[in-house]
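Heads up, the thing below is written out as structure tokens.
The values are calculated or read from the model by the stated rules, or taken from the named source; none is laboratory data. Quick caveat: nothing in here was measured; it's all calculated off a predicted structure. Note that each Cβ is placed from the backbone with ideal geometry, even for glycine, and that neighbours are counted across all protein chains shown. Ligands, DNA and RNA are stripped out before the accessible areas are found, and what is left, the full protein with its side chains, is counted by its heavy atoms. Shrake-Rupley method; radii C 1.70, N 1.55, O 1.52, S 1.80 Å.
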Amino acid sequence: MTLKYLIQKEFLQIRRNAFLPRLIVIFPIIVMCVMPWVVNMEVKNIVVEVVDNDRSTLSRQLVHSIEASNYFIFNGLQPTYQAALKEIETSKTDMVLVIPQNYTRDLTNGAQPQVLIAANAVNGTKGAMGNAYLSQIVTATVNPDIAALQSRVSTLFLYNKHLNYKVFMIPALLAMVMMLMCGFLPTLNIVGEKEAGTIEQINVTPVPKWAFILAKLIPYWLIALFVIVVCLILSWLIYGITSQGPLWLVFLLAMPLALFWSSFGLIISNYSDTMQQAIFVMWFFVVMMLLLSGLFTPTRSMPDWAYATTYVNPMHYFVDGIRTVFIRGGGLQAIAHQVLALLGISSVMACWAILSYKKNS
Amino acid sequence: MKQFISFIIKEARHIVRDKRTMLILFGMPIVLMLIFGFAITTDVRNVRTIVVTSSLDHLTHQAVDRLAASEYFTITATAPTPQDAERLIRSQKADQAIVFSPDFASRRGGIQFIVDGADPNMAQQWTNYATAIISGSDASPVNSKMLYNPQMKSAYNFVPAIMGMLLMLVCAMMTSISIVREKEKGTMEVLLVSPVKPLMIIIAKAVPYLVLAFVILTTILLMGRYVLDVPLQGSIVWIYLVSTIYIVLALSLGLLISNIATSQLMALLMSAMVLLVPIVMLSGMLFPVESMPRVLQWISAIVPPRYYIEAMRKLMIMGVGIGEVLREVAILTAMTVALLAVSLLKFKTRLE
Amino acid sequence: MNAIEVHHVSKSYGAVTALDDVSFTVGKGEVFGLIGPDGAGKTTMYRILCTLLKPGQGKATVDGFDTVSQMADIRRRVGYMPGKFSLYQDLTVQENLEFFATLFGTTVEQGYDSIRAIYNQIERFRDRKAGALSGGMKQKLALCCALVHQPSVLFLDEPTTGVDPVSRKEFWDMLQTLKKRDITIMASTPYLDEVRRCERVAFLDQGKIRGIGTADEILTRFADIFNPPGIKHAQSGEVTDENVIEVEHLVKAFGSFHAVDDISFSVKRGEIFGFLGANGAGKTTAMHMLTGLNQPTSGTGHVAGYDIRTEHEQIKKHIGYMSQRFSLYEDLTVQENIRLFGGIYGMSDADIASKTDEMLERLQFAEHRHDLVGSLPLGWKQKLAFSVAIFHEPSIVFLDEPTGGVDPATRRQFWELIYDAAARGITVFVTTHYMDEAEYCDRISIMVDGKISAIGTPAELKERFHQPDMDHVFTHLARQATRSSD
């Protein structure tokens, strides 16, 4: 029953801390109110300028259809290609469309005119997306065959009909919550006790290892769960976005991830001497796991060696699973293998954490 | 002068002796560069596609063959009905389905894409690519030219961003922690009471991190150039000069934090909360500033790395002259001067 | 011209008054003692004189320069060793010393003469990192760093806390040689023998100067505080023949360095056992092995009937431990700390509640039960830490320098608590650097360089080595060992 006293102690310390209670309140608000707007890879507001060397009715038609597209911001005409390139160089525009001199003649003759698109591709995604859209508009105007085909194509976007980026990101943000609440906070706490010397006092008491560790983890799990609940409520209130699948599955995925992060934090704090070290090492792994988890970019586009790392990356399983539940409304069966993988990885880490904590060296 | 040098040597020893932190400091840029350079892409690749068709006429066949042949799509299955396809997508066995109507060949019937729309960006790109492939006109009327980054590598975009983040981290976070550590351990009192001028203490603290920052900067540039094939279009001199301004800015931020923070933990949390989070979120490093709501754009206007990253993208990747980044450099310089002045004025030569 | 002049200086932090209308002068070349209990305002005084703090009211000059307006002049000519001075842990001994020498515009060679006596003892560790030294060794290195330059005024804030008696004597001998060079020294100390070596002493209490005079004058005038009547060495509890600690050929090696080198001894139930030794002799390491924090390299040991190698978790149930560093949770209240440690040892809520009341009553602490431990004065913290260590009625309690840096009156109260515990049958295993405390023990051992060089009752040891008191016995043994290790 020593566990009870230890957990009580942790809660008292958290409450007395000048910083933690505020963090627990402010964090979900920031995550839900600011992050969805920021974590947005949507490509919007691409600025386009046109060099019209033909100056005919048909070419003006093309310009109009660009102007009409709400995807682009039309920034006017440029006299020459050189002038337009200069505009790209000074970042006044992102893309330039050059309509050739014989545009109308070629079109009426049945020949295909060659339209040039020059895009600033420093940001590869932006360049590619802009190019694809602009090409589509041009092709549809220039090539009646393709225009015909395009009119026959219909697209049904499942799960996220309005292609709302926030729907895609909000569930994944829960992964960040777990990471901070269950990974960083217990690590700082334990290294702090090491530096203060109180851990030595605990080590000469008969407290079993697992009790000490559990007492460190349980408060943060509870806090993390609380924060997740607040986040879910906020997401419903602010964006009207709610889970499509059953809510208990969200928690089923969150629990093993919490166990993973806290064990991981413990392992690092067991091997670190100072807070700076612990934070730096933690941060290193966090950044790697986050980037390779598919949270921001599709894992399937990765080269094979990078894709292979996702098999041991618990963040990948969580992000995958939570999106299936939250967005696609998947059931237990759909995420069974993610849950199992998470459980497997986190129990290995938990064992390592308990073994690496030495009461007697 | 002798005091100054021995001070710097002492500071350098602190850095070099902490092997794990050193490992992270140099491991971080290398790993980040590799991840951004090779692992992370938003390219359309290996999209698991289901073909739904009832009649395998010639035209449909041709379209499917073209899809299968492309590197973008992998045909994983054929399903008899759209419902079956949808079920496969829901259970995460496929990403999209292409439904050919039975009379597709007769040019009257159409095509329907059923796409997993969870990731809006990718979903749209998949349909674009698929449409282009199915329409199959080799002679595209469009001649595209991807300026500065013909292969559209994400590394081009991220190398300047990594520089912005790591330089800030090394300079601001490490400097503030190292100053606060001396405060916490009581050695700062001795340093202050010693004949060494307070300004010397600060400079001596900053110099090793300045050097470290340049080493990291050079590592990133070399890796970018020779491992990731990111060309260095602009003038190296200007790249280093602008970086120097930025590094000084980061150092003064670190100094400012060390004035406020009373413990190492506080310095750590402040650098993480006040520096790292806004940098990653609002500097345009990962997420484009122009897609954010107005309010956040305003906030991002006071995040220094935003200007540095922008300036570096222009100088390094686009290879424009210094004239084109004057605005960014001017803002950075103004910020540096202001921060440096504030942090030097606020530096306490006494304990209160 | 006086080296230090303080006129009506007051200083307060918010509502707390640290210094209240303090005035005194220190003549050039004088050795001046500033003494007083923990929290009296000594550190604030040092900081004001070193220009680290501005006085709230009043004026102070050092070497004729004003502490507020002529900061740079003062900083050029004073030396200061703060109380919690802790060196650079990741630099080696040599590097630390060189850095501080250069910082003060001198070199180790130039200052070598003035630090030789102490530096000799740590010179063999010159390539070891300061962080790997034992507590007392660090303090010695800090002394060297403070003395390597020769300022005109030297401020030393409790420089010898945790340093063994022999080194303390050597340190004060060194201060005497500095005096010959006309260096003014202002120092504070909790040790009475050190107070006696000051020419004049100011007694500071609760921010006020209570008296200034020669050491003897002050010590007699405030005898109830500095020289409380010694505690009667009551024959504590019943010492039985049963051994609760038995150690044979215990060795702990870190690489080739034998911190504890083949020690054997036993402690009987109910005894107060003093475990003495010079800094770095291996006391703390030995204690860590007995309390199950460390595994011995070789040898055997039993504590409370359990093997220290295999049954360390059993041992932990039957012992109490108070470490060198204060180790209660500072952000918990008195009552919460007691409850936590009571709970850890498996006591029931009702038991904890009734025993807490009883204990706080006995300590006259009842009104502070809801105070944060961090806000208590050092002496109280240590009494509390001891009471918590024996709260679960362990059969043995281990105390690692429990009274470091505490004034004599508080130390006396602390020993009353120890006798109290012993009377209840708790075996007490204690390390200390106060030789008057050594006399309070039933039996003592003296460790030198990892080995036990003498063991017996204080009376026996005095007789065996023909010395008048424990202080001399210790000096005799420790000096011998230093010679042999050179």
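In table form, for the structure just shown:
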read-out	value
Crossing angle, helix A:57-68 versus chain A [Cα axis fit, 0-90 degrees, rounded to tens]	20
Region B:147-240, relative contact order in percent, only Cα pairs under 8 angstrom and at least six apart counted	38
Inter-chain shielding of B:86-95 (mean C-beta neighbours from other protein chains, 10 Å cut-off)	3
Whole-Å distance, taken between Cα centres, linking region B:151-183 and region C:17-42	48
For region B:47-135, share of DSSP beta bridges that run antiparallel, in % to the nearest 5	35
Partner aspartates and glutamates for C:Lys54 [C-alpha distance under 13 Å; skip if fewer than 8 residues away on the same chain]	B:Glu352, C:Asp66
In degrees, nearest ten, helix C:108-122 long axis to first principal axis of chain C (Cα)	20
Shielding of A:185-195 by partner chains, average beta-carbon count, 10 Å	1
19 Å Cα-Cα reach of C:Lys383 towards lysines, excluding residues that sit fewer than 8 places from it in its own chain	C:Lys355
Ellipticity estimate at 222 nm from DSSP helix runs (n ≥ 4, -39,500 (n - 2.57)) divided over chain C, nearest 500	-11000 deg cm²/dmol
Mean separation of Cα contacts under 8 Å, 6 or more apart, over the residue count of region C:106-242: relative contact order %	18
Axial C-alpha extent at least 18 Å, average Kyte-Doolittle at least -0.5 - helices from chain B (DSSP)	B:2-17, B:19-34, B:120-135, B:154-168, B:198-226, B:236-260, B:326-346
The protein assembly as shown - accessible surface per residue (Å², probe 1.4 Å)	38
Amide hydrogen neighbours beyond the local backbone of C:Val244, cut-off 5 Å, H modeled	C:Val267, C:Lys268, C:Arg269
Separation between Cα centres of region B:109-135 and region B:237-284, rounded to whole Å	43
Long-range HN-HN contacts of C:Lys451 with modeled amide H, under 5 Å	C:Asp261
In sequence order, calculated HN-Hα J values of region C:193-202 (Karplus, 6.51, -1.76, 1.60; Hz; x Gly/Pro)	4, 6, 4, 5, 8, 7, 6, 10, 9, 10
Non-local Lys pairs in chain A, i.e. 8 or more apart or on different chains, that have alpha carbons under 12 Å apart	5
Mean Cβ count within 10 Å, highest first, over the residues of peptides C:332-342, A:131-141	C:332-342, A:131-141
Fraction of antiparallel bridges per DSSP, chain B only, in percent to nearest 5	35
Solvent-accessible area of B:Lys2 with every protein chain in place, 1.4 Å probe, in Å² to the nearest 10	130
Averaged over C:323-330, number of beta-carbon atoms from partner chains that fall within 10 Å	5
Which of C:Arg200, B:Arg48, C:Arg424 is most accessible, then next, and so on - probe 1.4 Å	C:Arg424, C:Arg200, B:Arg48
Relative contact order %, chain C, counting alpha carbon pairs below 8 Å whose residues are six or more apart	15
